[in-house]
Amino acid sequence: MASENISTEQLAGLDALMSPLGWDLVAFALYVGLACTIVGSLLLAARFLGHRTRSPLKGQPYECGVEPSGPARPGYPVPFYLTAIFFVVFDVEVAFIASWAVAYDLLGWQGLAQIAFFIITLLIALFYLWRRGALDWGPQRR
Amino acid sequence: MTGDMLLALLPLLVLFIGSVSVLFVPERQALVYGVVCALLAAVLAWWPWLSVASDTPLVSSGFFARGCLTLWALLGAATCLLSERYRASRQFAAPEFAALVLFCVFGMSVLSASTSLVSLFLGLEAMTLAFYVLIAFDRGNTTGAEAGLKYLLPGFLASALLAFGIALVYAATGTFVLSDTVALTVAGASMHTIALLGWTLILAAIAFKASLAPFHLWTPDVYQGAPAPVAGLLASGSKGAVFALLLASVPLALIAPLRPLLAVLAALSMIVGTFAALPQTNLKRMLAYSSVVHMGYMVLAVLTGHQVGFEAGMFYLVSYGAATVAAFGLVASLSGPSGEPQNYAALEGLAARSPWRAALLTMLLLSLAGFPPLAGFMGKFVLFSAALDAGYVWLVVLALFSSLVSCYYYLRPVMRLFRSGQTAADHGPANGGERLVLGLCGIILVIAGIYPGPILRMIAAIVP
């Protein structure tokens, strides 16, 4: 009975020292420590218990079972880069069009006119790219 | 969006449609087309039937917004005219250049007319985005590429600070409307500390764009590497648009805790800019540091926080803008295929080769230094007296000291001009467009210095 009293008093004292947030932090620290210990011990166990082989074949990159050929860093053709950039540009604009599309009935004719202005501007940009030859795939133009 | 709103937006729409359509104009006519679009926007801003136009949600169509739009459009037109010959000797793509300049003017106009934090961000980004490309437009020039990168990285940082600051101000005040956010912050909004932190971040982003002292480090390298007409637009237009915003729609001086910050920014800009400009031997770098000093003076106008100070600030912007555009335009008109005459040594003996341009450059530098019969003196006079009235005596003393020291670095290139030099001329005579722009800037500087009454009255009529 006496010992129980003491323990609850001690707990109350600790509670006064540490707010509920403090207890949460202790629990979180314990959790992190436990997770790190488990992961670390598993890795160490794999290192000491596993058996290792090294061979040139094993060092090769795995390409769906096909033997790799050629260097790992080929020069990409520039049109690829341009097309990627255009894709990113026009893809971002879809976000604006989609945000109109989810509320098209609330925005009414005015919203339609505004989004039409936006899309026409994009179309003009596309025509410009086309005219400048940016969409021609191949090294002969530009 | 009603018809009235569309009418109110018409000058901005002209700039935007012009910047898109100029891409389809042939190479030879593109710059002229850009000039015509900018001038059309400037005229439309004062078309009579627009005076009834109503305000739109994001940008105001008040007199101040229209006056600023006119100013930026004229600067854009001057940039196009000044880069005609410069472009031809360097194989710039003219349609893209004109489109970017027009888009830049569009961004500046939105920025100085913004009534909301959203349009503030949009305008600043539109302007900066065009500058990122314009600064590095000369692809064959390695310093140009370096300048582009050095503008890009601080620009990104400034955008991040601005966006974060806007988010904090919105969180604290719950509105994007500029006048409401300032009023709520002054009244002590529920989250006063958060609002103050937000305004500080916005102030830091603005200081980046206006190159105030702790945030000025990109300025000299960018001015040196950028094509001279673009550097002129960057020095006059972009900084002018930022300060027009501070003078008209974001009176930061009303928020008392920000006043010491503004005063420190002003003092540091004057001190650092003055002492960094002293040892320069490169005209563009010297102009960069001198622009840091001039922006420090402009902060005085923001600090005064009342109508007279704002008018003085706008007058100072006009006189500084005219002198700066003309100085960079002169560098552009003196540059040949081999490069720009940036070093003082390259300017040696200019008075013998082309006396008019030497006289004009002398006049511009004297005006920037603030010699009496020119606009720079009158600008400093009205600005400093407004700041004295507002009670910032120590800042005015510092400003007087720095403009005294500035005579040294402004007169060093002038002395070189009138020496008998051996440098061979690399440039041809100025063409019509250059003569028009440089002559107009010179006339403005003289008139604003000798008879500033009409210009001051015009500014007083538009400042809200």
In order through region B:277-288: 3J(HN,Hα) via Karplus (6.51 cos²θ - 1.76 cosθ + 1.60), integer Hz, x for Gly, Pro | 6, 4, x, 5, 10, 10, 4, 5, 5, 4, 5, 5
For chain B, what does -39500 (n - 2.57) per DSSP helix run (n ≥ 4), summed and divided by total residues, give at 222 nm, in deg cm²/dmol to the nearest 500?
-> -24500 deg cm²/dmol
Please find the FRET efficiency linking residue B:2 to residue A:117, where r is the Cβ-Cβ separation and R0 is fixed at 22 Å, and quote it to the nearest 0.05.
-> 0.90
Given charges at beta-carbon only (K, R positive; D, E negative), |dipole| of the protein assembly as shown in Debye | 2020
Per-residue average of other protein chain Cβ atoms inside 10 Å, peptide A:118-127 -> 1
Using the Cα gyration tensor of region A:78-131, with a ≥ b ≥ c the square roots of its eigenvalues, what is the shape: rounded (a/c below 1.5), prolate (a/b larger than b/c) or oblate (neither)?
-> oblate
Eligible lysines near residue B:380 by straight Cα distance, threshold 20 Å, same-chain separation 8 or greater = B:239
Which FRET efficiency, nearest 0.05, do residue B:404 and residue B:118 yield, Cβ-Cβ r, R0 51 Å?
-> 0.75
Residues whose placed amide H lies under 5 Å from that of residue B:116, excluding near-sequence neighbours = B:178
Summed residue charge, Cβ within 14 Å of residue B:235's Cβ, Lys/Arg positive, Asp/Glu negative | +3
So how do B:414-420, B:286-292 stack up, highest first, on mean other-Cβ count within 10 Å?
-> B:286-292, B:414-420
According to a simple spin-label model (label point 7 Å from Cα along Cα-to-Cβ), what is the distance in nm between residue A:54 and residue A:37?
-> 3.4
Once phi for every residue in region B:172-178 is put through the Karplus expression 6.51 cos²θ - 1.76 cosθ + 1.60 (θ = phi - 60°), the whole-Hz ³J(HN,Hα) values, with Gly and Pro written as x, are 7, 10, x, 8, 9, 5, 4
To the nearest 0.05, what FRET efficiency results for residue B:440 and residue B:278 with a Förster distance of 35 Å applied to their C-beta separation?
-> 0.65
In debye to the nearest 20, how big a dipole does region B:3-462 give about its Cα centre with +1 on each Lys and Arg Cβ and -1 on each Asp and Glu Cβ?
-> 840
Among the chymotrypsin sites (Phe, Trp or Tyr not before Pro) in region A:18-69, which ones are in a DSSP loop with at most 10 other Cβ atoms within 10 Å of the Cβ? Mind listing them?
-> A:62
List the residues whose amide H sits under 5 Å from the amide H of residue B:343, counting only those 5 or more places along or on another chain, with H placed 1.01 Å from N in the peptide plane.
-> B:283
Cβ under 13 Å from residue B:315's Cβ, residue B:315 left aside: what net charge do those residues give with Lys, Arg +1 and Asp, Glu -1?
-> +1
Theoretical gain in end-to-end length, residue B:415 to residue B:132 [0.36 nm per residue, Cα-Cα removed] = 98.4 nm
If the chain between residue A:80 and residue A:28 were fully extended at 0.36 nm per residue, the gain over the current Cα-Cα distance would be 13.9 nm
Where the centroid of each part is defined by its Cα atoms, how far is region B:68-104 from region B:127-161 in Å?
-> 17
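Only the coordinates and a few stated rules stand behind these numbers; no lab work does. All values reported here derive from a predicted model rather than from experimental measurement. Because the Cβ atoms are built from the backbone with ideal geometry, glycine has one as well, and the counts that use them run over all protein chains shown.
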